[in-house]
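The values are calculated or read from the model by the stated rules, or taken from the named source; none is laboratory data. No experiment lies behind these values; they were computed from the predicted model shown. Using ideal geometry, Cβ is built from the backbone for each residue, glycine included, and neighbour counts are taken over all protein chains shown. Ligands, DNA and RNA are excluded from the accessible area calculation, which covers all protein heavy atoms including side chains. Shrake-Rupley method; radii C 1.70, N 1.55, O 1.52, S 1.80 Å.
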Amino acid sequence: KTYSKIDIKQLEEEFRFFKLMKKPDFGNNGEESEEDSGSDTVGSVALDYTGILSAGTSTGGRGNCLPGRIGDSPIIGAGTYCNFSGGASMTGFGEDVIRNCCAKRTIDLIKFNEFNAQLAVDRMLKEFKECSKNSLGAIAVDFRGNFGVGMNGNSMNLAAVTALTNGKGLVLDKEIHYGSYKGMEIIEK
């Protein structure tokens, strides 16, 4: 195995950066700015070779909140939603995600407007931006196997795997899509 050397100067700079990061200023009616948002939310959406869809979201939480606050992740339709048309998972400012039922809205666009997953994510993000200045990230998969990702902030780690199977689960061909920043998509076969 090859190990890379640890750059102590870089680690010190990163530590100083995170230490100096400002805490959210809730003087703006409790709303986060894009710089204040961000968490360790993990969302997943899957379509298996038999056509079964599933979605799930695990919250990274949010600081400076009263005990007992419930965010969007456990509320079906807000941070997570799945039915026979598709599945979606969100990350962002929970109160706005709840208020706009972002995950359900994305899947409704697939179901009732016959959008693919990417068009549905794009439309939902556009609608969200019209009513909230906070950032939002979204992933979705439709029943046809199309996936959609999007964000109205600057960064969100994402990964997607698409695979062609023989109908019995044996993978014949696959692609891995990943990125971290708006407009960045790396594809590996």
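Here are the numbers for this structure:
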{"quantity": "Relative contact order computed over the range 117-189 (Cα-Cα under 8 Å; 6+ residues apart), in percent", "calculated": "23 percent"}
{"quantity": "Percent accessible area from carbon and sulfur atoms, the range 148-189, protein chains only, probe 1.4 Å", "calculated": "54 percent"}
{"quantity": "Backbone HN-Hα couplings from phi across the range 171-185 [Karplus 6.51/-1.76/1.60, Hz, Gly and Pro as x]", "calculated": "6, 9, 7, 8, 10, 10, 10, 7, x, 10, 10, 4, x, 9, 9"}
{"quantity": "Protection proxy ranking of 163-173, 139-149, 112-122 - average other beta-carbon atoms within 10 Å, highest first", "calculated": "139-149, 112-122, 163-173"}
{"quantity": "Amide H contacts under 5 Å for residue 81, placed H, 5+ residues apart", "calculated": "88"}
